[in-house]
Amino acid sequence: MRHELASQSIETLAPLLRDREISPVEITEAVLHQTERYNKQINAYIQIDAEAAIVAAKNAEQEIMNGDYRGPLHGIPMALKDIFYFKNEVVTMGSKIHKDFVPSHDATVVSRLKEAGVIFTGKLNMHEYAWGATTTNPHFGPCRNPWDLEKIPGGSSGGSGAAVAADMTIASLGTDTGGSIRIPSSACGIVGLKPTQLCPLQLDKK
């Protein structure tokens, strides 16, 4: 049942959450179970925030039970490429130079996802400074393709592609200047969208 939940798309899960047929806690626990089971081999996550994710999922569950449903992202677990600013949290950009960098504000897209009720499960591996197509990161270790651990997941948003493909997140965001979302999407067998130049991109299972 856990893997079945973690493998579903936002389109499938959102109405079930809205109608209280499943709980954000159940989905979050399923995603974290997948992460615990596979991240050591795949190395898609730089940082896993399991405790905070469960707390946020319980809050989302209570909101939905109280009739305060915010929309299709409410209660959906997501992990993002570790390039987006999170206020008062370490953001590395995939580099040891920024291992202690803590932004004083959220990126606009992070702020909007928070308002939508997304459950954040952690930060995802990436090619250092998003400047490469392999996600063979010298500081946090190489991210591996979940379909074949001997192969790369592409880059620079390799952690995002690998995590979605391995059901370690329901969806993710990456960034794409020269193929950094399209390459991992292709390599990992998922769909990646690049709506406009230099905008955050959503990865999903559909």
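The values are calculated or read from the model by the stated rules, or taken from the named source; none is laboratory data. Keep in mind it's a predicted model, so treat the numbers as computed, not measured. When we count neighbours, we look across all protein chains shown, and the Cβ atoms used for this are built from the backbone with ideal geometry, even at glycine.
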| field | Residue check, Pro153 within 18 Å of the chain's Cα centre (by Cα) and part of a loop (DSSP other than H, G, I, E, B) | value | yes
| note | Residue hits (the range 95-117; in a loop (DSSP other than H, G, I, E, B) and under 25 Å from Ala187 (Cβ atoms)) are Ser95
| task | Specify which of the listed residues (Pro103, Pro24) is over 15 Å from the mean Cα position of the chain (by Cα), touching a residue at least 12 places away in the same chain (Cβ under 8 Å) and over 25 Å from Asn137 (Cβ atoms). | result | Pro24
| said: So Pro195 passes all but one of these: (1) assigned to a loop (DSSP other than H, G, I, E, B); (2) at pLDDT below 95; (3) touching a helix residue (DSSP H, G or I) at 6+ places or on another chain (Cβ under 9 Å). Which condition number does it fail? | reply: (3)
| Residues located in the range 31-52, provided they are touching a residue at least 60 places away in the same chain (Cβ under 8 Å) and either touching a His at 6+ places or on another chain (Cβ under 9 Å) or within 23 Å of Thr134 (Cα to Cα) (or both) | Gln34, Thr35, Tyr38, Asn39, Gln41, Ile42, Asn43, Ala44, Tyr45, Ile46, Gln47, Ile48
| In the range 57-94, what residues are part of a helix (DSSP H, G or I) and in contact with a Leu (Cβ under 7 Å, 6 or more places away or on another chain)? | Ile64
